[in-house]
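Notes to accompany the following structure.
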Amino acid sequence: KGIKEEQRYITEGIFLHYNGIEWRFLDSLNLDEIQLNNIYYQESIDTYFIWAIKIEDGEVLDKLFTFDGKNLTEILSTQGSINLSTLKGIVYININFEVYKYINKELVLWKDFTGTEFISNFVGRNENDFFKRSRNGIGHYNGKDYVTIYPTHLDIHTGIVFEKDIF
């Protein structure tokens, strides 16, 4: 008789940095058992934003880190859904129906889309003209309202917006 071992997948987030000449591992970042999902850079504050997921005590936690090139700082851990967006070089942190900016090392609520079909992560031209998958299609924010402008049940993951065209 043998004992059936439970399979366990262990992930380790790693960072490789290319400086134009060589690749280096950033070993100082401790991201054991973390799944890295996305990273954005905001040049105006010289900060990287890293969205990751970790399973702790059977719970799936979304985590948000900042990285200034030397220090990795966890700024949020939640059972809610985090995602990142960027418009005109500004990083937006989406937590469920709320969208935050990172100002003076704090998350500051920018917009609350509670009660709409908004689903986090968006693309657009500016803060008054962006698009994203809504609960029932493609949504658009015009500076006042977020509405579904194209109903569909397709699972839309991303888009890209140019001056005149949207894909």
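Assorted remarks:
- Residue in segment 140-158 that is open to solvent by less than 60 Å² (accessible area, probe 1.4 Å), under 18 Å from the mean Cα position of the chain (by Cα), among the polar types (S, T, N, Q) and over 22 Å from VAL60 (Cα atoms) present: no
- When the residues of segment 12-29 are filtered to those that are open to solvent by 80 Å² or more (accessible area, probe 1.4 Å) and not in a strand (DSSP E or B), the one that is modelled with the lowest pLDDT is SER28.
- Of all residues in segment 95-133, those that are among the hydroxyl-bearing types (Ser, Thr, Tyr) and not in a strand (DSSP E or B) total 3.
- Scanning segment 30-64 for residues that are modelled with pLDDT of 90 or more and not in a strand (DSSP E or B) yields a count of 4.
- Within segment 51-72, being surrounded by 12 or more Cβ atoms within 10 Å (Cβ to Cβ) and either among the charged types (D, E, K, R) or over 22 Å from ILE160 (Cβ atoms) (or both) holds for ALA52, ILE53, LYS54, ILE55, LEU61, ASP62, LYS63, LEU64, PHE65, THR66, PHE67, LEU72.
- Single residue of GLU98, GLU127 found to be acidic (Asp, Glu), within 30 Å of LYS164 (Cβ to Cβ) and open to solvent by less than 70 Å² (accessible area, probe 1.4 Å): GLU127
The values are calculated or read from the model by the stated rules, or taken from the named source; none is laboratory data. Given the structure is predicted, the values throughout are model-derived calculations rather than measurements. As a convention, Cβ positions derive from the backbone with ideal geometry for all residues, glycine included, and neighbour counts pool all protein chains shown. The accessibility values were calculated without ligands, DNA or RNA, using every heavy atom of the protein model including side chains. Shrake-Rupley method; radii C 1.70, N 1.55, O 1.52, S 1.80 Å.
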